[in-house]
Structures are given as structure tokens and as C-alpha cells.
1. Which condition from (1) within 14 Å of chain B (Cβ to nearest Cβ); (2) in contact with a strand residue (DSSP E or B) (Cβ under 8 Å, 6 or more places away or on another chain) is the one that residue A:263 breaks?
2. When the residues of region B:64-78 are narrowed to those that are in a helix (DSSP H, G or I) and more than 15 Å from residue A:276 (Cβ to Cβ), which ends up farthest from the other protein chains (Cβ to nearest Cβ)?
3. Test each condition in (1) touching a strand residue (DSSP E or B) at 6+ places or on another chain (Cβ under 9 Å); (2) within 14 Å of another protein chain (Cβ to nearest Cβ); (3) surrounded by fewer than 20 Cβ atoms within 10 Å (Cβ to Cβ) for residue A:292 and report the one that comes out false.
4. Could you tell me how many of the residues in region A:233-252 are under 14 Å from residue A:70 (Cβ atoms) and away from chain B (no Cβ under 14 Å)?
5. Output yes when any residue across region B:22-34 is more than 14 Å from chain A (Cβ to nearest Cβ), farther than 19 Å from residue B:200 by Cα and in a helix (DSSP H, G or I), and no when none is.
6. With A:230, A:188 as the choices, which residue is within 14 Å of chain B (Cβ to nearest Cβ) and either closer than 20 Å to residue A:38 by Cβ or not in a strand (DSSP E or B) (or both)?
7. Yes or no: residue A:219 assigned to a helix (DSSP H, G or I), out of contact with any helix residue (DSSP H, G or I) (no Cβ under 8 Å at 6 or more places or on another chain) and within 12 Å of chain B (Cβ to nearest Cβ)?
8. Of everything in region B:183-197, what is under 10 Å from the mean Cα position of the chain (by Cα) and either surrounded by fewer than 21 Cβ atoms within 10 Å (Cβ to Cβ) or over 28 Å from residue B:116 (Cα atoms) (or both)? Give them in sequence order.
């Protein structure tokens, strides 16, 4: 995350009027049409060299909702998540076919700056990864590298706002100059969330954000996500099916196809309202996974 | 104390409030239904039937919300017991609404028939007793008061007695076929009110389960077997 964002430029992706779209319907039970979609994946395949890791994925991500990507190991859910802010670009052999729209601009189009994509589509990682700097600097960094030119007081306000959004301000306001490492695991992850929201992204990607946390810290992050969705569109990958149930509005269930040569390719099985997925899924494969009858 | 599951707990509270609203409405429907039958007020009977459709809608809504909570939130301990109570309440309150509809339908079935004053008076007394039980159940629930819930079996006793004695009143109604027909229908009204009383006791038992962690039926003195003092 550090290396690609430090190369930030002032270029902005062309914004287009937001579109009213409906959920794609190929191969799975559609959710109710949503409010506008902030991001849309259309017919996407992801390759690592010749290996097709994920095939034919189409999902719309609705504004101010939490969408969970769930499924067994190797189903490609993290690959799909990383395709949403071009993190896969960092893997030399990775290649995306199909389209990933941010509003109505394909982020894989020629001329699109991946760094700008990552500013608009922020990311929180599995393990809390604060910088070896003060709490204040961890948050201010995000703004500075995005060309923040305001006065110190304005930066102070921005840091306070981001830490407040991350539900961390009250715990750290009297020790902003302490190292980010001085915080507990759960606090460090909330610091990383503050850092991620400081550049004002529209979308937050979360890749197993609680897997390194204890149950209480996990619940705090989940509560935080429920609050953050008022301001952001959140897409989370989680191995914890119960977590997907607790926090998400919509759930995409991925599984794996194995061909004659034993090659495994991830696929989207079903995408629908989380209420539906967890009480009455439309696909037997989803039902089997949700009820523990898989493998 | 920080509530790390505030969204879940807010939804639980919201479901309970919806059911308390239904209980409140059920109490009014008991009053209206008894008035409809004893006074031949068919407009009131129709209103009871219309109100029941609102209860039915809430029943379906609560059922869906309950399913989603259970599937998604993994309730534990007192949250789990509260879920149990809410599911039971939802079914019970829907049936209470149905009982008032049964009474309302009896009002139509007896339109124009001569009434037996003594029976009408006893039905009104039963209605008042049952409404007091519903009110007590609601207050016990709101206050989370197991002792108040344990009053319900004793409050139900005179309702049961009046219902048992209704047979004798019907026999005493005489041989006039129209009076007799009204009186026989009145027995069915009495039975419906007795059922509502039992249903309120059931809700009280669920409340005691929520508060004590012990699931048991109340005996006539309002005591469950094996209660303890576990708080929630």
C-alpha cells in the first residue's frame, strides 16, 4: 500500500453522472435492484499468467452498503477484492479481462492512474499495519501524500475527523504523538481505518480486517463498519461467515470449479441480499456452504 | 459500558417494541370484541376483524425480522432467551388476535337474537379480567419484572372459573331456541376469552424464562419449578 500510494499524482479520474443500475443476473439469483452502484464488475476473469484464477464475475456494489465476499479458500474472493483498486497490478503476471467500473469509468482503461484509483478506493488489510510513526502522522500521511496543502490547524481537524470516524479519537486524543505501535491490535486496526478514510475515498475495501483480532475487538470493528457505511461503500472479504451475516447488506458467495486437469478456478455462485443468503439461498451450493455441508 | 453489538441490540429492542404494540392492540380488541358480542355492535365487530389484519401483517414482519436476526446475529445467553420469548410472543399474540376475531364473528352470527343478560354480564367480567391480565403482562415485560409475571396464573383463575361455570348458565338460559342459540354462541365466546387468558400466562412464562434462565410452566400460584436468581 505504501509504495503505490506514495507515487500519487494530481490526476483525477473523469467523473460521470452516477447511473441507476440493476444487479447483474447471469448465473445467480439477483438481488432486488439497489440504489445506485458505485462499482460494478462485469464479466471479469482474472489470470495469473496462464492460470485463470477467477472466471465470469459480475457484481454491482451499491452505495452506502456493505457487501461481503465469502467462500472457501481458493475461491478467488481476495483476488476479486484486489481487482477493485488494481492491487493485482503489483503482481507482474496478473491480468484482468472484462470490466471493473468505478461509476461509469472502467478502471482498467488505458490512461487511468492506478494510484488515483487507490485513493478513491481505499483498503484495509488483514493485519493491522501502522507505520512506525506517531498516531497523528499515521493519519496525516494519507492526506499529505494526496497533496494536502492546508494549514496545520486544518490538518489537525482532518486527523481528528478521521480518528473520530474510526471510533478511535476518544482513546488517543491525549497521546497523538505516541507511536502507532503503542496501541492494541484492535486500536491499530482502527488507526489503519482512520488512515484509509483520511484521503476521503468513496469505497473501502477490507480484506479480512478482523482475522488478527480478538472477539471483542472484532465486534468493535464490525460496529464501526455499520457506522462507516453511512459515508462509504464497503466491500469486505471474510472467512468468517458469521461476520458476513452480522455486518453486510449483500453477500456474494464464491466457490471453486475444478477441471479435468485439476485446475481450480473461482466463480461467483450467488449474489443477493444477506437476509436472503442466510435464510433461504437460491443455490444449493450456497445452502451447502452456509449449512456446513461442503468439502 | 460499551455495547459492541448496539445495532443488533437496537433491532432486538425494535422487534420487542413492535410486539408490545401488538399486545396493546390485542387488549383493545378484547374490549371491542366483548362489547360487539354483548351489545350486538356489528360495527365494532368489523373493526376487530380489520385490526386483526394489522396484527397478521406485524406477525409476518416480525417473523421475517426474527429469522434474519437468528440467522445473522448468533444470539447468546440473555439475547438468545429474549429471541425465544419474542418468537413465542409473536405466535401467541397472533393467536390472541384470532380469538378476538372468533368473538367478533360470533357477534355477526348472533345478530338479532335475544341476549341473556346474566351471561352477557359474565362475559364482560371475563373480558375485563383478561384485559387486566394483558395489561399486567405488558407491564411485567416492560419492567422486566418476573414477580409481576407470576401474578398472571392467579389472575387467570377467575377467568377459568367463569368459563367452567358458563355451561350451567347456558343450561339455565331456558328452552327458547333463539335465547339458547345466543347462549351457546356465548359459550364459544367464553372459551375464546379463556384461551386469551392462558395465552397471556404463556407470555409470562416466557418472560420468567428470559429473566431467570429456567424454562418452566407456572403453577396456579405462579411458581415455576427450579427457578433461580440468575439475572440478565
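1. (1)
2. As a first pass, look at region B:64-78 and keep what is in a helix (DSSP H, G or I): B:64-73, B:77-78.
With more than 15 Å from residue A:276 (Cβ to Cβ) added as a condition, the list becomes B:66, B:73, B:77-78.
Details: B:66: 10, B:73: 6, B:77: 14, B:78: 16 Å.
Of everything passing the filter in region B:64-78, B:78 is farthest from the other protein chains (Cβ to nearest Cβ).
3. Here residue A:292 meets the rest and fails (1).
4. Step one: filter region A:233-252 for residues under 14 Å from residue A:70 (Cβ atoms), giving A:235-252.
Restricting the remaining residues to those that are away from chain B (no Cβ under 14 Å) gives A:235-237, A:239, A:252.
Matching residues across region A:233-252 total 5.
5. The first filter runs over region B:22-34 and keeps only residues more than 14 Å from chain A (Cβ to nearest Cβ), leaving B:22-34.
Checking the rest, the ones that are also farther than 19 Å from residue B:200 by Cα come to none.
No, because not a single residue in region B:22-34 is more than 14 Å from chain A (Cβ to nearest Cβ), farther than 19 Å from residue B:200 by Cα and in a helix (DSSP H, G or I).
6. None of the others qualify; the one that does is A:230.
7. Numbers: assigned to a helix (DSSP H, G or I): yes; out of contact with any helix residue (DSSP H, G or I) (no Cβ under 8 Å at 6 or more places or on another chain): yes; within 12 Å of chain B (Cβ to nearest Cβ): yes.
Taking the combined requirement at face value, the residue satisfies it.
8. Taking region B:183-197 as the starting set, the residues that turn out to be under 10 Å from the mean Cα position of the chain (by Cα) are B:193-197.
Listed by number, the list holds a single entry, B:195.
Values in this text are rule-based calculations from the coordinates and carry no lab data. As the structure is a prediction and not an experimental result, all values here were calculated from the model. Note that each Cβ is placed from the backbone with ideal geometry, even for glycine, and that neighbours are counted across all protein chains shown.
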